[in-house]
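The values are calculated or read from the model by the stated rules, or taken from the named source; none is laboratory data. Only a predicted model underlies this, so the values are computations on that prediction, with no experimental measurement involved. Here the Cβ is made from the backbone with ideal geometry for all residues, glycine too, and neighbour counts use every protein chain on show. Just so you know, the surface numbers come from the protein's heavy atoms only, side chains and all, with ligands and any DNA or RNA stripped out. Shrake-Rupley method; radii C 1.70, N 1.55, O 1.52, S 1.80 Å.
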Protein chains: 2
Amino acid sequence: MSAALEETPISYEDLADIEREFDDAETEIIRQQVALTAPLYSRRTKTVSQIPNFWPLVLEQAPPDIDQYIQPSDSALLLSSLLSFSVDHFEINPNKSKNSAFGDPRSVSIRFEFSQNEYFENAVLEKKFWYRRSRDGWSGLVSEPIRIQWKKDRDLTGGLLDMVCNVWDVEQRSSNGTDATQRELTLEQKSLKKTIENTGMGGLSFFAWFGFIGRKVSAEESAEAIAKDVEIRKNRKANKASPPESIDGDADEGEEDLDMSLEIFPDGDELAIAFTEDLWPSAIKYFTQAQEQDAISDADFESDEGEPDDFNDPPQDSADSDDDEIDARPTKKQRAA
Amino acid sequence: MSAALEETPISYEDLADIEREFDDAETEIIRQQVALTAPLYSRRTKTVSQIPNFWPLVLEQAPPDIDQYIQPSDSALLLSSLLSFSVDHFEINPNKSKNSAFGDPRSVSIRFEFSQNEYFENAVLEKKFWYRRSRDGWSGLVSEPIRIQWKKDRDLTGGLLDMVCNVWDVEQRSSNGTDATQRELTLEQKSLKKTIENTGMGGLSFFAWFGFIGRKVSAEESAEAIAKDVEIRKNRKANKASPPESIDGDADEGEEDLDMSLEIFPDGDELAIAFTEDLWPSAIKYFTQAQEQDAISDADFESDEGEPDDFNDPPQDSADSDDDEIDARPTKKQRAA
């Protein structure tokens, strides 16, 4: 079954070209979706800001692809102190970006607001993710670490987040960004690498996510890579040969290995996507789920979705027909409960 | 934390109204997305039809939310005989529907084409799912069972699919649809119910999915429910009281219990959604993943995404720079491999 393309007139580039066109269409759709839903999100924010504990309750209902990263101590902090959560496609938000017509709709800014709490001073933790394309053909979300002002002896990340921020600050000062020829680890990087290797990362705090960086791809590199990619595809369509790609491969591969070995939260981009594509749009659904579950347990309510054996029993009158209005379709698991 | 809305000016209807507006926006976005991507899917179909075994290879890579339903014998059949797979939003396809400007974009027709095989005669198995709203406030996908012409002693569903089709045929003949007053099970229904109760449904064949029905909601009931819903929301906005909803609740609840107890593939709608929203759009990504994995194992290829310990080794020259063009970003699991 392997090498399935060998006997065909179709090449990997043909498939890649089609994928890229789907990608472009998807990006355009996101742009339209953000524009169409902006007034709805405004209205929702206005409404839910009048509901105390809305966002903590939503987070409590978060599906596994978010919940798996939240430790019990994180949970306690979020439940007691999270005031508000929001996602903004800042690159296409005309209030945030001068170039909003050309920004990437997939870049997002994820913002948590906190009331006074015993763990850190910050009232706001906001993390940006930029959608970038690298010269070796990769594309995805990159970020920068956010420093949390931990209170004394309350650092949920055991110093890891601070170390990542220190490494980052040194890099920013020393070379205006990454120095492709620098192979020797700085003292800070050595320290971080060692700590990562010696830390059981299993129970790592959710707040380490604020240290996620990902690949180091600058806006300039991305713009170049995108332009080049457009040219290559244009040439392929016209059946023209493209100038050979400068293989800076060596430097990049070493860089990427280094990047990933100093990454304290490798799935940081996937978590950002889960926040953006699941929790943020579906917040009311999760909130309603929480209420329904509470109502069911509080009222010792016998579900009117009877078991097969019960279907001859007289159905219970549901006085609260309001719940029927809500479009939050219970999952199969809830229905069977 | 329960009854979080009690002390607030916000009601469940307020939240439900907002949810519904998001739903409407989402539906509009799907409509735009289908229109925007139609030419891309045509081009893709033309290209992949020249690649033998394209769809079997794609299905082999299917993620858990599809793969969990495919048994080994199903897999063997699909691998050897599946010629083609496609998803069509038929209600908004002007070639398929006269009312395509008003159809629901979420309704889909899922089509499998087969070469001659030892299990069944059908060259095509096509299943339609309609997006409907019921008068009790539920909304989702409903379907009808598709009969498979099994060859002798080759029924992968152990007779279950045939029984579902028989029950369906009796219902269609007897009352032009569901008879809300009929509480007694027909002979066919009793037989089906008993077989379901006595069958270990764990290893149930994927082909039983063609028997999924879901809730019994007719196009008429749906149109009524939608119109009524629009009116209620309009009144709420204008702060007018709506006429009380006719509580046909009793009949519907009994109906639903009956429906679900005779359902041989309860997650049929979720699988349809996984086909539509994951496998169909991402087919090239899955195909490419399959090729990359084969290339890696065949060539005893040392991944150039090195482990942290390897980053000082000279990176391997990648002769096949074509792969870099492909946008299929490996999952974290693959990267670590």
| Which listed residue, of B:Ser174, B:Ser191, B:Ser222, is surrounded by fewer than 15 Cβ atoms within 10 Å (Cβ to Cβ) and either not in a helix (DSSP H, G or I) or not charged (D, E, K, R) (or both) | B:Ser174
| Listing of helices (runs of 4 or more DSSP H) fully contained in segment B:45-114 that carry 3 or more residues being within 17 Å of B:Glu277 (Cα to Cα) | B:54-60, B:64-67
| field | A:Ser139 being of a type in the set (Ser, Thr, Tyr), on the phi < 0 side of the Ramachandran plot, modelled with pLDDT under 95 and open to solvent by less than 40 Å² (accessible area, probe 1.4 Å) | value | yes
| When you go through A:Glu220, A:Glu197, A:Glu188 one by one, which is the residue that is closer than 18 Å to A:Arg147 by Cβ and either of a type outside the set (Phe, Trp, Tyr) or touching a residue at least 40 places away in the same chain (Cβ under 8 Å) (or both)? | A:Glu188
| Checking B:Lys98 against (1) modelled with pLDDT of 90 or more; (2) more than 18 Å from the chain's Cα centre (by Cα); (3) more than 8 Å from every other protein chain (Cβ to nearest Cβ), which single condition isn't satisfied? | (1)
| task | With the checklist (1) assigned to a strand (DSSP E or B); (2) away from every other protein chain (no Cβ under 14 Å) in hand, flag the one item A:Tyr131 doesn't pass. | result | (2)
| field | Only one of A:Leu59, A:Leu77, A:Leu36, A:Leu83 that is over 20 Å from the mean Cα position of the chain (by Cα) and closer than 22 Å to A:Gly211 by Cα | value | A:Leu77
| Subset of segment B:1-44 (residues that are in a helix (DSSP H, G or I) and more than 7 Å from every other protein chain (Cβ to nearest Cβ)) | B:Asp17, B:Asp24, B:Glu26, B:Thr27, B:Ile30, B:Arg31, B:Val34, B:Ala35, B:Ala38, B:Pro39, B:Tyr41, B:Ser42
| field | Unique residue being without any contact (Cβ under 8 Å) to a residue 40 or more places away in the chain and closer than 21 Å to A:Ile29 by Cα when the list is A:Lys151, A:Lys96 | value | A:Lys96
| task | Filter segment B:1-33 for residues that are within 16 Å of A:Pro39 (Cα to Cα), hydrophobic (A, V, I, L, M, F, W, C) and open to solvent by 20 Å² or more (accessible area, probe 1.4 Å) and give the result. | result | B:Phe22
| note | Going through segment B:285-296 in order, the residues found to be polar (S, T, N, Q) and either open to solvent by less than 40 Å² (accessible area, probe 1.4 Å) or within 8 Å of chain A (Cβ to nearest Cβ) (or both) are B:Thr288, B:Gln289, B:Gln291
| task | With the condition kept exactly as written, say whether any residue in segment B:60-72 is surrounded by fewer than 16 Cβ atoms within 10 Å (Cβ to Cβ) and within 11 Å of another protein chain (Cβ to nearest Cβ). | result | no
| query | Of the conditions (1) modelled with pLDDT of 95 or more; (2) surrounded by 19 or more Cβ atoms within 10 Å (Cβ to Cβ); (3) of a type in the set (Val, Ile, Thr), B:Val124 fails just one. Which one is it? | reply | (2)
| Does B:Glu144 meet the test of being among the acidic types (Asp, Glu), under 30 Å from B:Ala35 (Cβ atoms) and open to solvent by 40 Å² or more (accessible area, probe 1.4 Å)? | yes
| Filtering segment A:167-210 down to residues that are modelled with pLDDT of 95 or more and in contact with a Lys or Arg (Cβ under 9 Å, 6 or more places away or on another chain), which residue is farthest from A:Ala62 (Cα to Cα)? | A:Phe210
| said: Out of the residues in segment A:130-144 meeting the condition of being basic (Lys, Arg) and within 24 Å of A:Asp88 (Cα to Cα), tell me which one is nearest to the chain's Cα centre (by Cα). | reply: A:Arg132
| task | Just need a number here: residues in segment A:260-284 that are facing chain B (nearest Cβ under 9 Å), outside any loop (DSSP other than H, G, I, E, B) and modelled with pLDDT of 95 or more. | result | 2
